[in-house]
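Scroll down for the structure; my scribbles are underneath it.
Readers should treat all values here as calculations from the given coordinates under stated rules, not as data from a laboratory. Just so you know, these numbers come straight off a predicted model, no measurement behind them. Cβ placement follows ideal geometry from the backbone for every residue including glycine, while neighbour counts extend to all protein chains displayed.
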Amino acid sequence: MKFIELKHSDINSVCSYITHAFSNNRQILSMYNNEDILEMRIKNKIECGIVCQTDTDIAGVITAITTNKKNYWAIGLLFVSEKYRNKDIGKKLVSHLERAISEQYKARYKVNVSVSATNQPALSVFKYNGYNIEGEMKGLIPEDDMIVFGKIVD
């Protein structure tokens, strides 16, 4: 397996992978159903991402979006295909993403991510990577509760 920056990947394949993985999420679909828009966000350094590829397919992807300040990032999605789970790919995707942002901006920055309180695998990935719980958001039902994580990366 290899981990490559989104800008060096096959954007069309990555968009197809993401839209398939999040086929029921309208917000994600609107952001990744057009490769040209994703390429524009990458070119303008608004979005950064890492793709985990095997010899035959994509195993996982992580993306983050920044504001115009460039030192605040929000992880938008982290997804690992079911057949590749429990192989530390999620943990490695997070580490590679942090490194890619550091290399691009050469400055201290903050990363935030909101994770479903019931998504134990994702919660453990961010805890493992040194993210601290910064808050909780209660939903209308317990399944909608979110944990907000943050990390300052030097």
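Things to note:
- Here's the picture: charge each Lys and Arg Cβ at +1 and each Asp and Glu Cβ at -1 in the range 1-142, and of 38, 11, 96 the one pushed furthest to the positive end of that dipole is 96.
- Selection of trypsin sites (Lys or Arg not before Pro), the range 15-106, meeting DSSP coil and at most 16 other Cβ within 10 Å: 45, 69, 70, 85, 87, 106
- Computing FRET efficiency as 1/(1 + (r/R0)^6) for residue 133 and residue 86, where r is the C-beta to C-beta distance and R0 is 35 Å, gives about 0.90.
- Between the range 90-129 and the range 1-75, the alpha-carbon center distance in angstrom: 14 Å
- Label corresponding to Rg and Dmax of the Cα atoms in Å when calculated from the structure given, among [x] 14.9, 43; [y] 17.0, 54; [z] 16.0, 48: [x]
- Number of Lys pairs (Cα under 15 Å; 8 or more positions apart or on different chains) in the range 1-106: 11
- Full-stretch length increase - residue 144, residue 34 - with 0.36 nm per residue and alpha-carbon distance subtracted: 36.8 nm
- Dipole magnitude of the range 2-153, debye to nearest 20 (Cβ charges: Lys/Arg +1, Asp/Glu -1, about Cα centre): 620 debye
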